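Here is the structure we will look at.
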Amino acid sequence: MRRLEARGVSARAEALVILEGVDLSARGGEMLAVTGPSGAGKTTLLMILAGIRAPSAGTVLVDGRPLAELERPRERISVVLQNHGLVSALTALENVTLPLQARALEPGEVETRARRALSFLGLEESQERVVEDLSGGQQQRVGVARALAAEPELLIADEPTSELAVADRLKVLALLRERAEAGAIVVVASHDPDVVAACDHHLRLLGGRPQPD
C-alpha cells in the first residue's frame, strides 16, 4: 500500500452533518495526525478510512483504486479503537493472537508476534491476565499491541495514548513511527500535542470540515 487518499468524503446521519468535503493524502512511510475538538468527526473519518463505515459522499482510494476493491483488507488494515474493542473475558495474549489466527500464519509465528508486541508495550507480566482485570491504560496498550502484531500496511489509531502515562505514550509513539518506517501508512486521531508533533502531516477538523493548518 503506497498511497491512501480521501476525496470529498462526507458523512451524514439523517439531517446531521458529521463530515463535509474532507480531502487527505498519505503515503507509505508517513504518519498523519487528525485533530479537532470532540464531535469534530475524527472517529467517523477513521472508520471510513478503515472501510468500517461507508461515506455518504466522496471516495477513499488505495493506490488509486477504491478502498472497497482492496484485496484481503483484514490482513492489510489494523485499527486501534478508542474503546479498545477487546474481549474482556479473554487474556491479553488471547486478544492479540485471535485476529492473527484467522490468517494463514503458522501457530508458532502467531504466538511469537503476539508475545513480542505485548513485550514491546511493557506487558510481559500481564499477558496471561484476563483483560477485565487490567487497568484502562493496560487495556489500551493491549489494543495497540494487537494492531502492531498484525504488521499492517495501513494502521489507523483512534486516541491511542489518551489513558497512558508519559513513558508509555512515548513508547507507543515510537512503535507507531517504527511501523511507518517499515513502509506502512499510519493515521492517528488525537488530542495529544506530542502525537501531532511526531507526525509528518496534520489534518484539523472543526464541525466535520477540514481547517487550515
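The values are calculated or read from the model by the stated rules, or taken from the named source; none is laboratory data. Not measured: the values here are computed from a predicted model. Positions of Cβ are backbone-derived with ideal geometry, glycine not excepted, and every protein chain shown enters the neighbour counts. We work out accessible area using only protein heavy atoms, side chains counted, and drop any ligands, DNA or RNA first. Shrake-Rupley method; radii C 1.70, N 1.55, O 1.52, S 1.80 Å.
On the given criteria, is Glu153 open to solvent by 20 Å² or more (accessible area, probe 1.4 Å), without any contact (Cβ under 8 Å) to a residue 12 or more places away in the chain and in contact with a helix residue (DSSP H, G or I) (Cβ under 9 Å, 6 or more places away or on another chain)? Against the criterion (open to solvent by 20 Å² or more (accessible area, probe 1.4 Å), without any contact (Cβ under 8 Å) to a residue 12 or more places away in the chain and in contact with a helix residue (DSSP H, G or I) (Cβ under 9 Å, 6 or more places away or on another chain)), Glu153 does not qualify.
Applying the criterion of at least 2 residues that are among the hydrophobic types (A, V, I, L, M, F, W, C) and over 16 Å from the mean Cα position of the chain (by Cα) to the helices (runs of 4 or more DSSP H) found wholly in segment 109-213 leaves 166-181. Between Ser56, Ser78, the distinction of being surrounded by 15 or more Cβ atoms within 10 Å (Cβ to Cβ) and touching a Pro at 6+ places or on another chain (Cβ under 7 Å) belongs to Ser78 only. Note on segment 56-106: residues that are outside any loop (DSSP other than H, G, I, E, B) and on the phi < 0 side of the Ramachandran plot amount to 29. Being of a type outside the set (Gly, Ala, Ser), at negative phi and open to solvent by 20 Å² or more (accessible area, probe 1.4 Å) is the filter here; which residues of segment 2-23 pass it? The answer is Arg2, Arg3, Glu5, Arg7, Arg12, Leu16, Val17, Ile18, Glu20, Asp23. Does Ala104 satisfy the condition of being in contact (Cβ under 8 Å) with a residue 60 or more places away in the chain and out of contact with any Lys or Arg (no Cβ under 7 Å at 6 or more places or on another chain)? Here the answer is no, as Ala104 does not meet what is asked.
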